[in-house]
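First up is the structure itself, then whatever we jot down about it.
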């Protein structure tokens with residue numbers, strides 16, 4: 001018996017099938033179109049057109065669902081990973097020696113939550129002031145602001161809030177923001193109509 005994925009995939013042309021697979025790599029429709037074999041000159045419009053194709057949308061949805069089931073990624077797990085980044089403390093990565101010098105802890109001594117926040121660790125050898133080589137360890141954490149932004153999007157904190165004001169209230173608020181009296185504003189409506 002054919003699976004839902006197989007049925008959806010059979011309804012697509014081979015290049016459309018390839019586009020679906022490539023699109024799920026990085027969610028970049030233009031690059032997915034190029035990798036799927038569409039012309040680089042028309043890839044942007046092809047990618048956009050493919051994304052609004054109902055059959056392609058269905059194939060992407062089915063394929064994404066299979067990926068989620070296989071990897072066991074949930075929104076809750078994504079939130080936990082992002083929280084690790086947001087709440088990371090670079091102090092968890094280092095320890096102070098008696099001399100006051102900071103050294104990076106060995107990875108097995110860094111808490112798992114702190115390790116998840118590490119984007120990269122680079123070790124370089126440079127010539128020190130006294131002519132000997134010194135190891136410089138550069139540790140970069142994932143971008144906290146980007147993680148906060150992503151969490152705000154997940155929780156819907158960026159949804160616009162609808163505020164209803166009468167024309168008089170709107171004029172008063174505008175005057176307050178401009179630091180003038182409402183009478184100084186031109187064309188303030190006399191009637192108290194609601195402004196959305």
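Summary of values
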item	result
All positions within segment 31-47 that are in contact with a helix residue (DSSP H, G or I) (Cβ under 6 Å, 6 or more places away or on another chain) and on the phi < 0 side of the Ramachandran plot	32, 33, 34, 35, 36, 38, 40, 43, 44, 46, 47
Selection status of residue 34, at pLDDT 95 or above, assigned to a helix (DSSP H, G or I) and surrounded by 14 or more Cβ atoms within 10 Å (Cβ to Cβ)	yes
Matching entry among 84, 120 (being surrounded by fewer than 10 Cβ atoms within 10 Å (Cβ to Cβ) and within 20 Å of the chain's Cα centre (by Cα))	120
Condition broken by residue 183, with the remaining ones in (1) under 30 Å from residue 68 (Cβ atoms); (2) exposed (fewer than 10 other Cβ atoms within 10 Å of the Cβ) satisfied	(1)
Hits in segment 87-102 (condition: touching a strand residue (DSSP E or B) at 6+ places or on another chain (Cβ under 9 Å) and either surrounded by fewer than 10 Cβ atoms within 10 Å (Cβ to Cβ) or modelled with pLDDT under 85 (or both))	97, 102
From the options 50, 68, residue that is part of a helix (DSSP H, G or I), within 22 Å of residue 154 (Cβ to Cβ) and either touching a helix residue (DSSP H, G or I) at 6+ places or on another chain (Cβ under 6 Å) or at pLDDT below 95 (or both)	68
Top-ranked residue in segment 128-168 [being in contact (Cβ under 8 Å) with a residue 40 or more places away in the chain and part of a loop (DSSP other than H, G, I, E, B); ranked as surrounded by the fewest Cβ atoms within 10 Å (Cβ to Cβ)]	143
Residue check, residue 180 part of a loop (DSSP other than H, G, I, E, B) and either modelled with pLDDT of 85 or more or on the phi > 0 side of the Ramachandran plot (or both)	yes
Filtered residues of segment 72-106 (kept if assigned to a helix (DSSP H, G or I) and either at positive phi or free of Cβ contacts under 8 Å to residues at least 40 places away in the same chain (or both))	76, 77, 80, 81, 84, 91, 92
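The values are calculated or read from the model by the stated rules, or taken from the named source; none is laboratory data. The shown structure was predicted, so the numbers you read here are calculated from the model rather than taken from an experiment. In this analysis, Cβ positions are derived from the backbone assuming ideal geometry, glycine residues included, and neighbour counts consider all displayed protein chains.
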